[in-house]
Structures are given as structure tokens and as C-alpha cells.
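Enquirer: Structure below; questions to follow.
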């Protein structure tokens, strides 16, 4: 079997390719240095002593060893790693945008402010909210911003005794983390046999101390919470607020709106739902949208329109203050604006429908494979992502979800999210997104089937994978932190100590 991206080569560090390093040669070095302050002149510049063709080969080789959304499916469940349209990159690199400075007078950036103002309006329309701040730089920061708004709202309205936030057991890990960072106690509610929030347990968890409910819909199992209006009524009865985690908005955009589900606060992951770059530590964007009663609590400034001009409004009575410098990560925000304009109202809905179709098509194929189980009610439809369990495979063969994920890499495809959500044993969480074709879905299913068959016939091959990559099986604990034995670590340590 041949994959979309199967070839891998080992490649040493660029300094290891050089027999020695040498000062950068320049015939006019003395003439140049006499015009520079002595304290900024280096005696030598240690760079690899390598020819230009070898340097080009080195970096091209590294790029061939890398995997990206431009190369193939990135089926990380709950992450929505979709294709990034190149037209957005082309527009962003326009010098008229590139050279704008955030300290310019607002009279000179009216065009940019209009685009950002319109983007906020689009996000409000898509989510069913009334007001929006574009400041948060990531989904987790959007979460924290929303929870801080929740806290400030209750303090302002003499309800500072509200110190609990309710979160389902299937929630993203950032939900309880954001609530704790804001000073709340986290109250967990379990899922029922259908993989949805247990309404009876929710009622028991709610009290006058409840500040709100943080909910993802559809949830992390890819299942739509169809009793969300009932949940909202329960929370609002005690003056709590409904918070919508926008991580899974890609499943319902243009089809359903959190505002119509009675949510008060919504954060939107532009780097998940709206085709902007995702991963690698950022930058991202997690705008926060709220209903009318929470407008005055948004971070400042927000962009408004006054006397035909776009202005920055700092005069929000109960604002939580800034959460980011200036207006947010503009390059990411503009990419999302371009994506929304290019797709249009019908295109946005089509996007979500294709994502759901792709997910269910792949699930239908995979769920028939030996060793695979679909947890919770099999008759409940999944949305843009799904979670299978490989618990039976582990029991039959000793092969774990981690082993299967490692072996998939040998076939030139990216592994899905594993061991999440925590309520599923040996969880395998897959989200193909709308970006991929049927051929890619079929190939992915074929690769997984091969690995599962190997698990029963020759399990040691799977348990010792990967075999075709430059780096073989690593120890997970050591891989997550710098190792004192890694050659690259030793090289950097040696050079750092020499400079000291």
C-alpha cells in the first residue's frame, strides 16, 4: 500500500553536516566595521560551513518529513484541523495591511476597522448573539474571558456568593481550567446512556451558588445535546449564565445558533471553524460574543460606528478590561473575514453539512471493523466528529489505542486524537472536516483496517510501530520534555554553556 506521504528520511542537524564552523567571510569587513559601534561587532559568527545547494537540500528534506493540513487529512477530534485557503494568505500579505501600525490614528485605518466591525457583526449573526469582542487570542483565552464576564456580572449584581460552575464530564480540559483560573469551584455532571448531559444530575447539581453551565454542543462525543433549552431554563432559574464552548461550532454553523439555544456567552474558535491557521502555538483567535445584558462587560476597546466613522469604544461601564493588546490577532481575524465572505451564507451551512456527512460516512465504515465499538447509544446520530473505543481490541490482542495511532503513521496518514474524552476507554476520536474527499476517507479507513488486522495477526508489528519514520518509537514521558540524552539537546547545551 502506498500512502499520500509515506517517504521519510533521517536528516542530521545542520551543524552536524558541517565539519567545522568558520567566521563569515567578507572581503570588505574592515571597511564595514569602522562605521559601527565597537560593542556590537562580533569577532566571529559561528554558522555551519555548508554550500548553498546542501543548505537547500537540508531544509527541503526537513519540509518533506513534515506533515501539514496541505498534505493530507488531520483528523484530530475536537480540533477541526481544516484546509487553510491560500487566497487569505495572499490578501494578508498585501503591503497595505502589512505596514499598518496599531498606534496609527484611527482616521488612517478606517478600512481595516470597517472589516473588523463587519467581522464582529458576522460572528454575532452566526452565533445568534448581539455583541462581540475580537480580542481573545485563542479558544482557551476566549473561555477565560467569558468566565470572567460571568464572574463580573454576578459581582456587579450583588450575587458574589455564586462560586460554582457546572461542567459535563465530557468537556474539554480547558473548561474546568478556565473556571478554576477565574476562581470558581467546578461541579461535574455525568453523561447518560445516550452520551448526553444527565438532566436529573444537572438539576441536583444546581443551587443558588451556581454561576453558570459551560457546555459544548454538539458535545465531545459528536452528539447533539437536544435538551439544551431545558438545561438553559434550569440554569436561568437560579440567575446562572449559559456559556457555549465554540470548539464544535463547525458542526452547526449556518444551521443552528447558540443564541437560539438560550446561551448568554459564546466563544468562537476562528482557527477551527473559519479556515485560519491552527496549531504550533498560535497565533489563534477566540472572539467572545454575548447577548445584550452582557455588552457592558466585554473587554475594551470594542469597535463601534459613530457619525459615519469607525471608533474604538473604551467606555463600557463594567468591562473586565483588556485581555490582549490592541484589537486582537489581526492577521487571523482577517483570514476568518475572508473565509466567511468567500463562503457566504449558503456556503457556511454547506460547510457544516459536508463535515457531518464526512464524519458519518467514515464512522459507518470503521464501526464494522473487528475490535471496534461505538460507545453510548449507537442509534444516536453523530455530528462532525465521533469517538470509537478500542477497548475490545486491547482485550483481544494487547494492542492499545496508542499502538494503533503509532502504526497509522507508517501508512502516511495522521493519527486521530486518542484517550479523549476520558469517559471512553481506549478512545479514538476522529474528525475528518469538510475539507477532505471521499477518496481520502476511504484510504484512511483502509489504513485503519490494515492496522486492526495486523493487531490480530502480528500484534508485535503494531506494538513496536512506527517503523517507516525517521524517529522510531519514543518513550512518551521523555518525549514530552527535553532529554539530557538527546543529541540536539546536548549540542544546544554545549553552545549555551560556551557563551556563558
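Enquirer: Pick from 132, 124: which is in the same structural domain as residue 313 (by TED's automatic domain parsing), crowded, with 19+ Cβ neighbours inside 10 Å, over 19 Å from the mean Cα position of the chain (by Cα) and assigned to a helix (DSSP H, G or I)?
Expert: Every option except 124 fails the conditions.
Enquirer: So for the range 456-470 (the condition being surrounded by 21 or more Cβ atoms within 10 Å (Cβ to Cβ) and either out of contact with any strand residue (DSSP E or B) (no Cβ under 9 Å at 6 or more places or on another chain) or over 27 Å from residue 80 (Cα atoms) (or both)), does at least one residue qualify?
Expert: Scanning the range 456-470, I find at least one residue that is surrounded by 21 or more Cβ atoms within 10 Å (Cβ to Cβ) and either out of contact with any strand residue (DSSP E or B) (no Cβ under 9 Å at 6 or more places or on another chain) or over 27 Å from residue 80 (Cα atoms) (or both), so the answer is yes.
Enquirer: Select from the range 438-485 the residues that are farther than 17 Å from residue 407 by Cα, touching a residue at least 12 places away in the same chain (Cβ under 8 Å) and in contact with a helix residue (DSSP H, G or I) (Cβ under 6 Å, 6 or more places away or on another chain) and list them in ascending order.
Expert: If the condition is that a residue be farther than 17 Å from residue 407 by Cα, touching a residue at least 12 places away in the same chain (Cβ under 8 Å) and in contact with a helix residue (DSSP H, G or I) (Cβ under 6 Å, 6 or more places away or on another chain), then 441 is the only one that fits.
Enquirer: Something else: Applying the selection to the range 410-433, what residues are under 16 Å from residue 384 (Cα atoms) and surrounded by 20 or more Cβ atoms within 10 Å (Cβ to Cβ)?
Expert: 416, 417, 421, 428, 429, 430, 431, 432, 433
Enquirer: Quick one: is residue 3 surrounded by 14 or more Cβ atoms within 10 Å (Cβ to Cβ), modelled with pLDDT under 85 and over 25 Å from the mean Cα position of the chain (by Cα)?
Expert: On the way: surrounded by 14 or more Cβ atoms within 10 Å (Cβ to Cβ): yes; modelled with pLDDT under 85: yes; over 25 Å from the mean Cα position of the chain (by Cα): yes.
For residue 3, the condition - surrounded by 14 or more Cβ atoms within 10 Å (Cβ to Cβ), modelled with pLDDT under 85 and over 25 Å from the mean Cα position of the chain (by Cα) - is met.
Here's the yes/no breakdown for (1) under 19 Å from residue 82 (Cα atoms); (2) not assigned by TED's automatic domain parsing to the domain that holds residue 395; (3) not in a helix (DSSP H, G or I):
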residue: 317; (1), (2), (3): no, yes, yes
residue: 321; (1), (2), (3): no, yes, yes
residue: 328; (1), (2), (3): no, yes, yes
residue: 334; (1), (2), (3): yes, yes, no
residue: 347; (1), (2), (3): yes, yes, no
residue: 358; (1), (2), (3): yes, no, no
residue: 361; (1), (2), (3): yes, no, no
residue: 365; (1), (2), (3): no, no, no
residue: 370; (1), (2), (3): no, no, yes
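Enquirer: Provide a single number: the residues in the range 83-121 that are closer than 27 Å to residue 246 by Cα, touching a helix residue (DSSP H, G or I) at 6+ places or on another chain (Cβ under 8 Å) and not in a helix (DSSP H, G or I).
Expert: 2
Enquirer: Take residue 338 and tell me if it is assigned by TED's automatic domain parsing to the domain that holds residue 275 and either more than 18 Å from the chain's Cα centre (by Cα) or assigned to a loop (DSSP other than H, G, I, E, B) (or both).
Expert: Judged against the criteria, residue 338 is a match.
Enquirer: In the range 358-387, how many are within 30 Å of residue 343 (Cβ to Cβ) and touching a residue at least 12 places away in the same chain (Cβ under 8 Å)?
Expert: Restricting attention to the range 358-387, the residues satisfying the condition of being within 30 Å of residue 343 (Cβ to Cβ) are 358-366, 380-387.
Right, trim to touching a residue at least 12 places away in the same chain (Cβ under 8 Å) and you get 358-363, 365-366, 380-387.
Residues meeting the conditions: 16.
Enquirer: Right, here's the next one. From the list 404, 380, which residue is touching a strand residue (DSSP E or B) at 6+ places or on another chain (Cβ under 9 Å) and modelled with pLDDT of 95 or more?
Expert: Exactly one residue qualifies, and that residue is 404.
Enquirer: Being touching a residue at least 40 places away in the same chain (Cβ under 8 Å) and crowded, with 17+ Cβ neighbours inside 10 Å is the filter here; which residues of the range 332-351 pass it?
Expert: Hits for the range 332-351 are 332, 333, 334, 335, 336, 337, 338, 339, 340, 348, 351.
Enquirer: Touching a residue at least 40 places away in the same chain (Cβ under 8 Å), within 19 Å of residue 343 (Cβ to Cβ), in contact with a strand residue (DSSP E or B) (Cβ under 6 Å, 6 or more places away or on another chain) and crowded, with 18+ Cβ neighbours inside 10 Å: does that describe residue 287? I'd like the intermediate steps shown before the answer.
Expert: Values: touching a residue at least 40 places away in the same chain (Cβ under 8 Å): yes; within 19 Å of residue 343 (Cβ to Cβ): yes; in contact with a strand residue (DSSP E or B) (Cβ under 6 Å, 6 or more places away or on another chain): yes; crowded, with 18+ Cβ neighbours inside 10 Å: yes.
Yes; evaluated as a whole, the condition is true for this residue.
Enquirer: Now for a different question. Out of all the residues in the range 376-418, which are under 21 Å from the mean Cα position of the chain (by Cα) and in a loop (DSSP other than H, G, I, E, B)?
Expert: Within the range 376-418, 383, 384, 385, 413, 414, 415, 416 meet the criteria.
Enquirer: Among (1) free of Cβ contacts under 8 Å to residues at least 24 places away in the same chain; (2) in a helix (DSSP H, G or I), where does residue 146 come up short?
Expert: (1)
The values are calculated or read from the model by the stated rules, or taken from the named source; none is laboratory data. Remember, predicted model here, so these are calculated numbers, not experimental data. Note: ideal-geometry Cβ built from the backbone for every residue, glycine included; neighbour counts use all protein chains shown.
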